[in-house]
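Read through the structure below, which is laid out as structure tokens, and then see the notes.
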Amino acid sequence: FQQAVELAKDHERAKTLLNKAKLFITKKDLAQRAANKSQLEDAESIYTEAIAIDPRNKGTNANLLADRAEVYFRMKRIPECVKDCEASLELDQGCLAAMLQRAKCHMENKEWEQAVRIFERMNNRDRHNQQSKKKAGEAALKANNHDEAYRLFTEAMDVDKHNAKYRHLLREAKQQHLLATRVDYYAVLAIEKTEGESQIRKAYFKKSKEYHPDRHANADDDDKEEFSKK
């Protein structure tokens, strides 16, 4: 934008875009400072002003929406956080910041499977991105382009830094999902976990008789199959 203005002093569109770009940067910086000081209401207000600067700027607004979503998450305003994440991803499906916040919202709502799905998609993208940069770096090194190789290898290492932001959350979401989906056999047998072996055997045989196929001879085939599974 700056070059366009210098080449064409009367280029009003270039001037407008340059002014908007400067305003974006100023607002984002102010919002980040407010968020760092835990002045979350101020940060929310400034991000809202920044988003209104140029509604047609999809890339910038996707990032700003993701930033405001993080503020909403810290304020425990989960519905607003979800709304901003989804709006951000509509503008840019690859916005990792929005994906991260959306997954954290799923965790907050104990929607473990959805959280795992998002984290794993992010992890797969990171691994693919890292491998691509390493491969390109090796090619640059063979071509004696050391500066380019250094840049690519550095970017590959930076992927690990990004991955570290959610790696522990992925582990936690997987563990919680496993616990949530694991069958509680004591509950199935309708007994306490403190019961001894004899009581467990009695409860097991009682439950097996309840679902035995002979007791459901008149049921249709689908029901018979379901009782057999139980």
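Would you pick out the residues in the range 90-105 that are assigned to a helix (DSSP H, G or I), open to solvent by 20 Å² or more (accessible area, probe 1.4 Å) and not acidic (Asp, Glu)?
Start the filter on the range 90-105 by keeping residues that are assigned to a helix (DSSP H, G or I), which leaves 90-91, 96-105.
Within this subset, residues satisfying the condition of being open to solvent by 20 Å² or more (accessible area, probe 1.4 Å) are 90-91, 96-97, 100, 102, 104.
Those that are assigned to a helix (DSSP H, G or I), open to solvent by 20 Å² or more (accessible area, probe 1.4 Å) and not acidic (Asp, Glu): Leu91, Leu96, Ala97, Leu100, Arg102, Lys104.
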From the residues in the range 106-131 that are charged (D, E, K, R) and farther than 22 Å from Lys161 by Cα, which one is surrounded by the fewest Cβ atoms within 10 Å (Cβ to Cβ)?
Lys110
Considering only helices (runs of 4 or more DSSP H) fully contained in the range 141-191, which possess at least 3 residues that are within 16 Å of the chain's Cα centre (by Cα) and in contact (Cβ under 8 Å) with a residue 40 or more places away in the chain?
167-181
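The values are calculated or read from the model by the stated rules, or taken from the named source; none is laboratory data. Everything numeric in this text was worked out from a predicted model, so none of it was measured. Using ideal geometry, Cβ is built from the backbone for each residue, glycine included, and neighbour counts are taken over all protein chains shown. Remember, those area values only see protein heavy atoms, side chains included, never the ligands or the DNA or RNA. Shrake-Rupley method; radii C 1.70, N 1.55, O 1.52, S 1.80 Å.
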